[in-house]
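Participant: I'd like to ask some things about the structure below.
The values are calculated or read from the model by the stated rules, or taken from the named source; none is laboratory data. Quick caveat: nothing in here was measured; it's all calculated off a predicted structure. Cβ placement follows ideal geometry from the backbone for every residue including glycine, while neighbour counts extend to all protein chains displayed.
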RNA sequence: GGGGAGGUAGCUCAGCUGGUUAGAGCGCUGGUCUGUGGAACCAGAGGUCGAGGGUUCGACCCCCUCCCUCCCUACCA
């Protein structure tokens with residue numbers, strides 16, 4: 001009798017990535033890595049597990065609830081990292097003697113949040129994180145946004161929108177509107193409905209429930225949302241509050257500066273309602289959306305955290321950073337058809353068939369030749385091949401795993417002078433002209449490279 | 001966190017008002033074809049009908065609890 005089988009299931013909110021999607025993910029990560037290194041960011045690696053005391057407290061109440069926590073076998077209280085920022089702060093504080101400021105680093109890897117899973121939200125997900133430690137505003141902010149924007153463009157996702165704001169600015173605005181800080185979120189949530197529900201309903205709700213004094217200013221302020229950044233928008237921000245403050249000037253200055261770096265127009269929006277959930281942000285905050293996939297939520301976000309390092313070090317240090325959520329980015333890119341759903345299962349570009357078990361050595365030598373030339377090649381591994389009889393199975397396999405080219409090394413061709421093989425293009429349909437041709441072994445590599453271009 | 005829908009083969013699903021050995025398509029494995037892929041035909045493997053308990057002579061079907069998935073909503077990556 002068979003034993004009880006174990007159900008091959010994953011934990012809730014955890015996923016496997018089969019080769020076809022894992023390849024697509026890794027391509028995206030590689031692009032970001034290159035973009036970041038182009039700006040001089042260096043990689044950092046930190047442990048997935050941190051002590052509870054490092055992890056907790058400055059994250060905000062909601063965040064603390066979402067941290068995976070447990071006691072290890074020695075009863076040490078530990079937790080899985082919730083994001084990379086806290087680990088970064090700890091690492092920097094512990095290695096100040098070995099780190100030169102400014103410290104520019106990126107980190108890619110999984111983080112864990114005990115949240116209710118849904119589309120675009122997982123309990124284990126991969127973040128691509130970018131931070132600059134030790135420099136005051138706002139050049140680091142500019143560079144960070146520019147580097148992430150570059151990565152997105154390299155992927156082909158020109159349909160991104162950065163929303164930016166400054167938390168302190170928000171406080172000033174609220175004060176000028178006569179809103180108590182604890183009501184801030186409610187006020188902006190209601191204001192968010194302006195488009196959907198109309199002005200009257202919003203006015204009633206705001207002046208009624210929330211006792212907002214100055215509705216007109218709030219409305220004017222809200223209308224700054226979704227305004228593409230321009231001179232005009234920057235001026236708008238300056239007048240959104242009754243008293244144009246130094247802070248407003250600072251934000252407007254930032255917007256002009258980031259435009260110089262090529263991030264503007266449809267890609268940049270000043271969003272005065274943006275605050276973000278994590279408590280450690282002290283100034284600049286931003287989020288990135290993929291236009292057309294806003295319902296999935298933002299694909300990235302971040303901000304400035306000038307007090308966080310002080311938790312771990314007597315040396316106060318400023319910092320700014322943001323991270324892109326790879327999983328949600330993939331979902332958004334698929335939804336907006338920036339990338340295709342399915343890549344191949346195999347990484348090989350050429351499939352080398354085995355015509356007959358007795359001719360495996362010949363096939364193996366062809367595969368070696370291709371690999372030597374830097375062409376990814378896969379050879380048929382199964383035994384039991386007789387004089388071409390299993391070719392159809394081999395082609396079927398190669399086609400299914402997405403290998404574009406196949407080589408058939410048959411006895412007749414190899415016996416020729418010069419020895420030759422059949423090179424077949426599996427991408428063109430069966431029966432079409434030019435689906436395959438005889439190529440001398442000496443020209444195989446060149447011909448393959450030509451076809452793959 | 002709040003509201004709604006659903007869980008039957010690897011996948012997509014069917015299964016009459018509860019009635020004997022639970023089905024289809026696709027996929028998978030093998031066969032027919034002794035030099036060529038998406039085909040056809042044949043055969044086969046694969047299900048404790050999400051889990052546990054209850055009602056009943058009898059449950060995939062009815063009831064309860066739990067688990068899981070999806071959609072809307074709030075928040076986040």
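Participant: Only one of (1) under 20 Å from residue A:333 (Cβ atoms); (2) within 16 Å of RNA strand B (Cβ to nearest atom); (3) in contact with a strand residue (DSSP E or B) (Cβ under 9 Å, 6 or more places away or on another chain) is not met by residue A:158, so which one is it?
Facilitator: Only one criterion is unmet by residue A:158, namely (2).
Participant: May I ask you to list the residues in region A:241-275 that are touching a strand residue (DSSP E or B) at 6+ places or on another chain (Cβ under 7 Å), at pLDDT below 80 and part of a loop (DSSP other than H, G, I, E, B)?
Facilitator: A:271, A:272, A:274, A:275, listed by residue number.
Participant: Please determine, by comparing only the residues of region A:120-139 that are under 16 Å from residue A:44 (Cβ atoms) and more than 12 Å from the chain's Cα centre (by Cα), which one is nearest to RNA strand B (Cβ to nearest atom).
Facilitator: Taking region A:120-139 as the starting set, the residues that turn out to be under 16 Å from residue A:44 (Cβ atoms) are A:126-134.
Still in the list and also more than 12 Å from the chain's Cα centre (by Cα): A:131-134.
On the way: A:131: 13, A:132: 17, A:133: 18, A:134: 22 Å.
Looking at residues that are under 16 Å from residue A:44 (Cβ atoms) and more than 12 Å from the chain's Cα centre (by Cα), I get A:131.
Participant: Mind checking which helices (runs of 4 or more DSSP H) fall wholly inside region A:48-118 and carry at least 3 residues that are out of contact with any helix residue (DSSP H, G or I) (no Cβ under 8 Å at 6 or more places or on another chain)?
Facilitator: Fully inside region A:48-118 and qualifying: A:61-65, A:85-94.
Participant: Is it true that residue A:414 is under 20 Å from residue A:343 (Cβ atoms) and within 11 Å of RNA strand B (Cβ to nearest atom)?
Facilitator: no
Participant: Now for a separate question. Select, from A:64, A:75, the only residue that is away from RNA strand B (no atom under 16 Å from the Cβ) and either more than 30 Å from residue A:334 (Cα to Cα) or surrounded by fewer than 17 Cβ atoms within 10 Å (Cβ to Cβ) (or both).
Facilitator: After ruling out the rest, the residue left standing is A:75.
Participant: If you don't mind, there's one more thing I want to ask. Within region A:291-306, can you find the residues that are over 11 Å from the mean Cα position of the chain (by Cα), within 12 Å of RNA strand B (Cβ to nearest atom) and part of a strand (DSSP E or B)?
Facilitator: Within region A:291-306, A:302, A:303 meet the criteria.
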